[in-house]
Amino acid sequence: MHCLTFKGVDHAARPTWKLRDTVRFYRDLMGLSLVHAISARGWGTDTHPDFLHFFFDSGNGSSIAFFYYIGSKEPAALKAHQGTRPAPDDHVFDATHVSWLVDSRDDLHALRRRLEAHGIEVSPDTRHETIESIYFRDPNGYFLEVTIRARPLLEIDAIDAARTIEAGMQLEAERETDADAFRSIDQVWQRKAALYQVAAGAAL
Amino acid sequence: MITIYMVDVPEFQPLIDDARQRPECRVKRLDSTYIAIEADEPVEFSRRALGLKPAIWYGLFTGGLDGDIERFDRDVVRIVSR
């Protein structure tokens, strides 16, 4: 089998209905260069045949892209998130996010100061296992994360990840015949312990 | 008996170090990935005492747990035998 290896992100794209606000936010406030723009006529569907598609540099050859569909109406479901607090209150909409990498905590804090100086609410610094992040919303309501890597991911993380996800997959399968089989994270942690004990017993 | 399987990474060291100080806990290296904390009686840990941020605290037993979580709130976790 051909072994596929991705080489990073080319672009991450989202729709916008706020062209000026989006350009001011990403280019002028965040300081990301506008590196490419496509303008197309009659390429989209009947309700929005013409659009602008534009790209801001996000480092290492990657970009943050937007579609601006001329004449289409902004969905209420997106509007509802604009100006809301920078917390993952909607576990579908806000979970669908991209986290952008910066080099240092100084960079992270400089970005925080710049955003806050423009009246944008920024979450407290959030230390996760291997990254440290701030969260905020862009003018479209999208939930953005900017992060620094606290330590690289190692083989040990991959070994443990395989056990965690194996436990989760087993429990998800068992839930098909027993609704109580997978109701909490405790069950994943206990299953992992059981998997470890079985593997250790087999090795004896 | 309770066994807490700790992934041997820096972010979880405070719990492993705390357990090493406790007479009721036995700390054993299992392999290159996991360190086991064993106890014959219920064990309780405090987030503030360990100095852990919430995001790490709430994933503290991600390595695996042979035990029942009797209490797990923002500052205290209590594990008992299953």
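Readers should treat all values here as calculations from the given coordinates under stated rules, not as data from a laboratory. Quick caveat, the model's predicted, so the values are computed rather than measured. Heads up, the Cβs are rebuilt from the backbone with ideal geometry, glycines too, and the neighbour counts pull from every protein chain shown.
Values computed for the structure shown
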quantity: Efficiency of FRET between B:Tyr58 and A:Arg113 - r from beta-carbon atoms, R0 25 angstrom, step 0.05; calculated: 0.30
quantity: Within 10 Å of each Cβ in A:9-18, the average number of Cβ atoms from other chains; calculated: 0
quantity: Relative contact order %, chain B, counting alpha carbon pairs below 8 Å whose residues are six or more apart; calculated: 38
quantity: Shielding score for A:157-166, defined as the mean number of other chain Cβ atoms within 10 Å; calculated: 3
quantity: Peptide B:63-74, shielding by other chains (average Cβ, 10 Å cutoff); calculated: 4
quantity: Cα-based reach from A:Lys73 at 26 Å (exclusive), listing lysines while leaving out same-chain residues under 8 positions away; calculated: A:Lys18
quantity: Efficiency of FRET between A:Ile70 and A:Ala199 - r from beta-carbon atoms, R0 51 angstrom, step 0.05; calculated: 0.30
quantity: Exposed-site-free run, longest, chain A (rule: trypsin sites (Lys or Arg not before Pro); DSSP loop; at most 12 other C-beta within 10 Å); calculated: A:74-182
